Amino acid sequence: MRVLALGGAGAVAREATRDLCQHGSIFREIVIADIDPAKAERLARDIGDPRLRVVPLDVRDEEALVRLIRGFDVVMNGLPFAYDVLVTRACVEAGVSGVDLAFDEAQFELDEAARSKNMVFIPGVGATPGTTNVMAAYAARSMDQVESVEIAFAAFRCLAPSPGLLRTTLWEFNPEEPERAMVYWEDGAWHPAPPFSGEKRVRFHEQIGEQTVYYVPHDEARTMPRSFPGLRRAAVRGCFPPHVMRAMRALYEMGALSSTPVPLDGGTYPAIDLVARLLAALPASRENPVWAYGLVVEVSGRRNGRPHTMVLRNRHPPQEVWGGEAAYYRNIGVPLSIGVQMIARGEISVRGVVPPERAIPPERFFEELARRGIEILTE
């Protein structure tokens, strides 16, 4: 079988590509398609797997993308979320199954077309969304009725490890993002929530400890009401390291994370764009004492007519074992790789464009995570 890794040399996707090489014995060829083939070639040389090949590709050329995809058995999309719909559409056109790291509601509009091609595309197979969705599905199986899903994450990384991840951080604290109108689901309706609201203390694994998390407009909450009929509440709260949270709060309170145009040197620019350029250039934005990823999922409902709650937590090797930054990135890239491999091995039977909680068998997914050192613990 042949797998296509779109953007497979990126900050997150390189860990997925490494995992494909280490665990993906089902693949006879692993192709990295990237707009920067030199960077991809460096990664390929570093990994040293003879199955690796690099092809240059500008993913914005959708016709070329479809032609390329048609030569593969499965696609692993590690590109920024701005390309999710484009890649999903190209996979459906080519009739080739795939996975990516984030969600866009427009992806699910391709569900019927994907089913007609007898293929599956699973959006959001990273840490959060991704592992958290599967954690929720595992807990739901123990209940007759799921009533609430509360997800918390602690993404311990530096502020600007890459342009895309810096933009992700700023997006989560921009009060003017349209997604802020639909942050959490409760009693049959979506509710808005401003940045730094919904404060809650959550205990993560020992590398992170107890942290304060806040409402974020994350993808998991969007699909849970459809996946679990009768769900009363779904919410995601999150945080970054304390020094990043302090910086984001100060910028938010100053209005610097707004999209409002600001006059500067004879031009006008959205404040958040100016902040992004400044932060990307500051050396301090790439400093971080602890690299780790913490996930906690609490699912409540009823079992045998009685109230029942299950809490799931992740745990992974520390940065001293996994090698600094990898202690963050592997928690995102490894699930992406596992999702691709499960599709290739025929372990995912659903068809269409389907979220992780309805597509991925939890037990097998957790087994594969454990093989890589990522544990899912239940309480």
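For the reader, a short list of remarks on this structure follows.
- Being at pLDDT below 95 and farther than 20 Å from Leu295 by Cα is true of Asp104.
- Restricting segment 205-247 to residues that are more than 21 Å from the chain's Cα centre (by Cα) and aliphatic (A, V, I, L, M), the residue that is farthest from Gly124 (Cα to Cα): Ala247
- Among residues that are without any contact (Cβ under 8 Å) to a residue 40 or more places away in the chain and basic (Lys, Arg), Arg222 is not included.
- Looking across segment 274-296, the residues that are surrounded by 14 or more Cβ atoms within 10 Å (Cβ to Cβ) and either in a loop (DSSP other than H, G, I, E, B) or of a type outside the set (A, V, I, L, M) (or both) come down to Ser285, Arg286, Asn288, Val290, Trp291, Tyr293, Gly294.
- Applying the set (1) buried (at least 23 other Cβ atoms within 10 Å of the Cβ); (2) touching a residue at least 40 places away in the same chain (Cβ under 8 Å) to Ala90 leaves exactly one unmet item: (2).
- Boolean, Ala271 is open to solvent by 40 Å² or more (accessible area, probe 1.4 Å) and without any contact (Cβ under 8 Å) to a residue 60 or more places away in the chain: no
- Counting only strands (runs of 3 or more DSSP E) wholly contained in segment 126-199, the ones carrying 2 or more residues that are more than 27 Å from His308 (Cα to Cα) and open to solvent by less than 30 Å² (accessible area, probe 1.4 Å) occupy 145-156.
- Residue match in segment 237-252 (condition: in contact with a helix residue (DSSP H, G or I) (Cβ under 6 Å, 6 or more places away or on another chain), modelled with pLDDT of 95 or more and under 24 Å from Ala359 (Cβ atoms)): no
- Looking only at segment 355-367, and only at residues there that are without any contact (Cβ under 8 Å) to a residue 40 or more places away in the chain and surrounded by 13 or more Cβ atoms within 10 Å (Cβ to Cβ), the one that is nearest to Ala106 (Cα to Cα): Pro361
- Among the residues examined, Arg372 does not qualify as at pLDDT 95 or above and open to solvent by 40 Å² or more (accessible area, probe 1.4 Å).
- Among the criteria (1) of a type in the set (Val, Ile, Thr); (2) open to solvent by 10 Å² or more (accessible area, probe 1.4 Å); (3) out of contact with any Gly (no Cβ under 9 Å at 6 or more places or on another chain), the one Thr309 does not fulfil is (3).
- Within segment 54-69, the set of residues being under 19 Å from Gly98 (Cα atoms) and either open to solvent by 30 Å² or more (accessible area, probe 1.4 Å) or not aliphatic (A, V, I, L, M) (or both) comprises Asp58, Arg60, Asp61, Glu62, Glu63, Arg67, Leu68.
- For the criterion of being buried (at least 20 other Cβ atoms within 10 Å of the Cβ), within 19 Å of Ala127 (Cα to Cα) and of a type in the set (Phe, Trp, Tyr), Phe72 fails.
- Breaking point among (1) open to solvent by 60 Å² or more (accessible area, probe 1.4 Å); (2) more than 21 Å from Trp185 (Cα to Cα); (3) touching a residue at least 12 places away in the same chain (Cβ under 8 Å); (4) within 23 Å of the chain's Cα centre (by Cα), for Ala82: (3)
- Screening segment 231-270 for residues that are part of a strand (DSSP E or B) and β-branched (Val, Ile, Thr) and picking the one that is nearest to Ala193 (Cα to Cα) gives Val236.
- Pair list, Cβ under 8 Å, 6 or more apart: segment 327-349 residue under 12 Å from Ile360 (Cβ atoms) and open to solvent by 10 Å² or more (accessible area, probe 1.4 Å), other residue of a type in the set (A, V, I, L, M) and at pLDDT below 95: none
- Close pairs (7 angstrom Cβ cut-off, 6 or more residues apart or separate chains): of a type in the set (Ser, Thr, Tyr) in segment 118-138, open to solvent by 10 Å² or more (accessible area, probe 1.4 Å) anywhere: Thr128/His218
- Residues that are under 23 Å from Tyr328 (Cβ atoms), of a type in the set (Asp, Glu) and modelled with pLDDT of 90 or more within segment 173-219 comprise Glu206, Glu210, listed in sequence order.
- Count of segment 209-230 residues which are surrounded by fewer than 21 Cβ atoms within 10 Å (Cβ to Cβ), assigned to a loop (DSSP other than H, G, I, E, B) and at negative phi: 1
- Of all the criteria given as (1) farther than 20 Å from Ala9 by Cα; (2) in contact with a strand residue (DSSP E or B) (Cβ under 9 Å, 6 or more places away or on another chain); (3) of a type outside the set (Ser, Thr, Tyr), the one not satisfied by Glu105 is (2).
The values are calculated or read from the model by the stated rules, or taken from the named source; none is laboratory data. Computed from a predicted structure; not experimentally measured. Backbone-built Cβ (ideal geometry, glycine too); neighbour counts: all protein chains shown. Just the protein is used for accessible areas: all its heavy atoms, side chains included, with ligands, DNA and RNA removed. Shrake-Rupley method; radii C 1.70, N 1.55, O 1.52, S 1.80 Å.
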